[in-house]
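Take a look at the structure set out below.
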Amino acid sequence: MERFSLTDYIKKIPKAELHLHIEGTFEPELMFKIADRNKIKLNYNSVDDLKAAYNFNNLQEFLDIYYTGAQVLISEEDFYDLTWAYFLKAKEDNIIHTEIMFDPQTHTHRGIPFETVIEGISKAQKDAETELGISSKLIMSFLRHLDQKSAFEIYDYFVHHKDKIHAVGLDSSEVGNPPSLFTDVFKKAKNDGLKITAHAGEEGPPEYVWEALDILTVHRIDHGNRSLEDNNLIKRIAEQQIALTVCPLSNVKLKVVDDLKKHPLKKMLEYGIKATVNSDDPAYFGGYLNDNFIQTAEAINLTKDDVLKLVRNSFEASFVSDERRAEMMNKLSDFSI
Ligand code: ADE
Ligand code: ZN
């Protein structure tokens, strides 16, 4: 009998990704190509030079490089190419559904029209659905280092693109920028029928996770690692089955955890938390979704049942219709024995 390989199982099982920044999928090779096309000179001489800069001591050091990289994106074609390249990687990883975050303010603040950004991304989404069979939803993320007024300005674009935007999120520099600063804009989004998610408890304290839950009334928490410092919070998240979109390789690269071997993912599952595995900014953190699963499984001894649970969690926590969810769940039948 053939020996069971967890790595093969991970590669083959159909997956969903719920925490992915499209600007964080910008591979150095594509960055140089697009910079060339737009006659923009990068601050690095080569792909290797650029990659050598990907050493971060914290979230802010990463964000500084990530926002600089995004500056070469100018035309609709650039946003299309960026998104399409991610979908090709997603196909390789057997991702059947993905929920993509984009940071409109990163682009509108340097004069790129919102329409350029959203048209490029959404055309790639349509092509991925028809050519690759990957469904997707778009999450418009507000930058929390900017103020709520700026978030409202961006939110106004939503009205013209209701068919393309499914949820709103909150990202960027966490410490010092708690969720409560964005109460009104999230209230409006919820009233308008959008789903809500927010980065919380990545570097910020458990109080920020409480605020995301109680004040923003989120459907999911992005990261949420520091929730584990508060037993009442663990209880709340587990009881209400609020999904955490956990990103193991990101956590190591940004020093949210010291070592993948110490990653709390298994503990989260043991607490009954609806944890999911995601890649966050794979071009910067050294791996796409399968790499996150494979390396984490090896580091903390995940079992086949753990992997299946994590995949099921992501299907349950996704913002798809009940019909699509049932279709996705059905694809797991061969992987459940
Ligand atoms: N934007 C892109 N990646 C992020 C992360 N890991 N945390 C906060 N904001 C981000
Ligand atoms: Zn993120």
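Values in this text are rule-based calculations from the coordinates and carry no lab data. On a predicted model such as this, the values are computed, not experimentally measured, just so you know. Every residue, glycine among them, receives a Cβ derived from its backbone with ideal geometry; neighbour counts consider all protein chains shown.
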If you count, for each residue, the other Cβ atoms within 10 Å and average over each peptide, how do 188-199, 154-165 line up from highest to lowest?
188-199, 154-165
In the structure displayed, which of Lys12/Lys89; Lys164/Lys309; Lys91/Lys255; Lys126/Lys274 lie more than 24 Å apart, Cα to Cα?
Lys164/Lys309; Lys91/Lys255; Lys126/Lys274
Give the Rg (one decimal place) followed by the Dmax (whole number) of the chain, computed from C-alpha coordinates and expressed in Å.
18.9, 63
Compute the separation of the alpha-carbon centres of region 62-100 and region 117-132 and state it in Å as a whole number.
11
Semi-axes of region 134-193's equivalent ellipsoid from the Cα gyration tensor, sqrt of 5 times each eigenvalue, largest first, rounded to whole Å?
20, 13, 10
Name the residues whose placed amide hydrogens come within less than 5 Å of the amide hydrogen of Lys137, ignoring near sequence neighbours (fewer than 5 apart) on the same chain.
Thr98, Glu99, Ile100
Could you state the number of Å between the C-alpha centres of region 202-277 and region 302-323?
16
In this structure, the FRET efficiency calculated for Glu239 and Glu207 from their beta-carbon separation, with R0 = 22 Å, to the nearest 0.05, is 0.70
So what is the diffusion coefficient of region 266-336 in µm² per second by Stokes-Einstein at 10 °C and 1.306 mPa s, using a Kirkwood Rh over Cα pairs?
120
Which aspartates and glutamates have a Cα lying under 17 Å from the Cα of Lys149, excluding residues fewer than 8 positions away in the same chain?
Asp103, Asp171, Asp184
Contour minus end-to-end for Ser336 and Ser46, with contour as 0.36 nm per residue of separation and end-to-end as the Cα-Cα distance?
99.8 nm
I'd like to know how region 19-134 sits against the 2.2 N^0.38 Å rule of thumb: what's its Cα Rg over that expected value?
1.06
Write down the radius of gyration of region 224-287 and its Dmax, each obtained from C-alpha positions, in Å.
11.9, 35
